[in-house]
Amino acid sequence: MSSSATPSLPVVTARPESWWHRHQASITPLLLLLPALAAFSLFVLWPIASSLWLSLHDWDGISERRFIGFDNYRELFDDRVFWTSIVNNIWWLLAFMLAPALGLAIALFLNQSVFGIRLVKSLFFFPFVISQVVVGLVFAWFYNPQYGLLNEVLRAFGIEGISPLDSETGATFAVIVAGLWPQIAYCMILYLAGLAAMNPEVIEAARMDGAKGWRLFWHAVLPQLRPATFIAVVVSVIGALRSFDLVAIMTAGGPYSSSTVLAYYMYEQTFLSVRYGYGAAVAAVLFLIMNVYIAFFLWRMLRREQA
Amino acid sequence: MFPTPIQDRSRAAQAFYRASLIPALVVWLLPLVAIAFTSIRSIDELNQGRFWTWPEETRFVENYTAVFTQSPMGQFLVNSVLITVPAVALSIALSAMAGYALAKYRFRGSLVLFAIFIAGNFVPFQILMIPVRDLFVNVVPLYDTILALVLFHMAFQTGFCTLFMRNFIKQIPDALIEAARVEGVSELRIFWHVVLPLVRPAMAALAVLVFTFVWNDFFWALVLVQSDEVRPVTAGLQALRGTWTSAWQLISAGAIIAALPPVALFFLMQRHFIAGLTLGATKG
């Protein structure tokens, strides 16, 4: 191309080569990255390091920090509530694995082209769009022993006065059900996109070969939905481990810390018990658990990048 | 197409399918329907324990007016807007730049930087909580200000946004950028005049999505602010619950008001929203 001669562009090539001009190709990316990197370092990267360091200290948030090595972690080991949080987080994780499956079921149900289906799909997606605070409020009320819908229904079967959120054994599961509601909606939308992007020829070829129903689904459809499944599982795992809002809104970890999770216990220890170092240690444990999944996600993402 | 298009089935099956959609939807949204009903109920009806029947008389105007006159809900809404809009705009601006740098320039460590942005986006908030709060309380005195929330959300959402923008910009043909380069267009002008116009749809998708993320945030609103003058609608609603313990009609109306902006945005920009959310769900 004979570019410098084109009159239409007010080009700078005619000027003598400045330092900036010679180096702009290598400096520009740095310049473009700088603001994002600065913000991210200040509010994400540095706080992580700082929290990990803080977890080795005893601190009430005001007076001098005292280095105590791994004492916080040692204490965690004998902390009954900490283990309750771990167990509850495991329940959250297990239960949240239902979200991809149920999301897929709803997506299959809705993957038709009939009049008004687009509106129906978006209404099904609703729970994900609204705030978890609202979800928590709605469900707290749903479970209410005096006028909740749950009891209204149970009364028809002669059962009265069930209050899941006041039960030490039931509270966690009641909160998890509330958490599943938006999570299923999220997975549903991922699968609807996956279904729309499927290669119809593969399906038709499988149909030609006489596959139908469950076999067709298992051998021709599900393999094509793998990217959607991967993301649905990842976001569900992350969602389960991050659960905080619903616990805070619906039970505040109670009764007697029976429904607490790591994310909430950390908050509670830090602000209500004013034990910043101990709270940081709880956060560190949650962070380390999460890292397993983050590493897995990165590994897959970057492997795809190199392929 | 899977499952088999309903049009290929018997008439009875079609009729059954169509007829089943509405009940399925009602069951799925039952909790929301109930709260919508309650928000227009009279207090007398509620006191009689009539929560799940059709409201006898609608108190739509009274209840919703009461929310605004008897609580700082209006203020909370304004705060939410003041927090969300700048945070979204800033994080999209930052990530458009960073995403372009990571997508179209080859330099050492670019993949590592990309990985850091992705990983950071999944981190549990609790590992950031104490230092970020400490920063705003003791280092830059912004605790309990709208700016604190704007800055934090801007920074945190940059992780997700950069992942998104980088993957989108990666799809732009290199030839376009090369052509401009050969013409002698400066690097920053290429970004501004060639790349940015092409990524507008991605920015729209991202804006809708991140708006709902930030609008619905509860945790940071709890950690970084405490007064009604700066509280966003999520934390505000939770606070009102303490004062209106039995005024369910007001709490419900408040919940509907808090949910409305992201829902409206979702309906208006549905295509963008879903495009943003399902990025990566279709290939890989």
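The values are calculated or read from the model by the stated rules, or taken from the named source; none is laboratory data. Owing to the predicted nature of the structure, the values given are computational and were not obtained by experimental measurement. Cβ sites come from the backbone with ideal geometry, for glycine too, and all protein chains shown count toward neighbours. Quick note on the areas: whole protein, heavy atoms, side chains included, nothing else; ligands and nucleic acids left out. Shrake-Rupley method; radii C 1.70, N 1.55, O 1.52, S 1.80 Å.
For the range B:152-275, the ratio of Cα radius of gyration to the globular rule of thumb 2.2 N^0.38 Å stands at 1.48. Calculation over all alpha carbon pairs of the range A:81-306 in 10 angstrom steps from 0 returns a P(r) of 8, 26, 30, 22, 11, 3, 0 percent.
Rolled with a 1.4 Å probe across the full set of protein chains, the surface gives B:E183 an accessible area near 40 Å². Please give the helix B:73-104 orientation as an angle from the longest Cα principal axis of chain B, in degrees from 0 to 90, rounded to the nearest 10. The answer is roughly 20 degrees. In terms of its C-alpha gyration tensor, the protein assembly as shown comes out oblate, because a/c is 1.5 or above while a/b does not outweigh b/c. Close amide H contacts of A:G254 (hydrogens built in the peptide plane, cut-off under 5 Å, sequence separation of 5 or more or a different chain): A:S259. In the frame of its principal axes, the range B:6-66 has Cα extents of 52, 23, 17 Å, reported largest first. Taking Cα atoms only, the orientation of helix B:110-122 departs from the longest principal axis of chain B by about 10 degrees. Applying 1/(1 + (r/R0)^6) with R0 = 45 Å to the Cβ-Cβ distance of A:L149 and A:H219 gives a FRET efficiency near 0.65.
Ligands, DNA and RNA aside, A:I238 has an accessible area near 10 Å² when probed at 1.4 Å. For chain B, the longest principal axis of the alpha carbon atoms and the long axis of helix B:146-170 meet at an angle near 60°.
With a ≥ b ≥ c taken as the square roots of the eigenvalues of the C-alpha gyration tensor of the range B:69-277, please select rounded if a/c is under 1.5 and otherwise prolate if a/b is larger than b/c or oblate if it is not? Can you show the working numbers first?
Values: a/c = 2.79, a/b = 1.88, b/c = 1.48.
Prolate.
Of the residues B:K104, A:K212, the one with the largest accessible area comes first in the ranking A:K212, B:K104, computed with a 1.4 Å probe on protein heavy atoms. Working note: Karplus 6.51/-1.76/1.60 with θ = phi - 60° gives the range A:190-203 the couplings 4, 6, 4, 5, x, 5, 5, 8, 5, 7, x, 5, 4, 5 Hz, where Gly and Pro are set to x. Proximity of backbone amide H atoms, modeled 1.01 Å from N, is registered between A:H57 and A:I68 at under 5 Å, excluding neighbours fewer than 5 places apart on the same chain.
Do the sum for chain A: with -39,500 (n - 2.57) for every DSSP H run of n ≥ 4, divided by all residues, what is the mean residue ellipticity at 222 nm, to the nearest 500 deg cm²/dmol?
Numbers: 15 runs with 199 residues, N = 307.
Roughly -20500 deg cm²/dmol at 222 nm, from the helical runs in chain A.
Between B:D174 and A:E160, the FRET efficiency estimated from the beta carbon spacing at R0 = 56 angstrom works out to 0.20.
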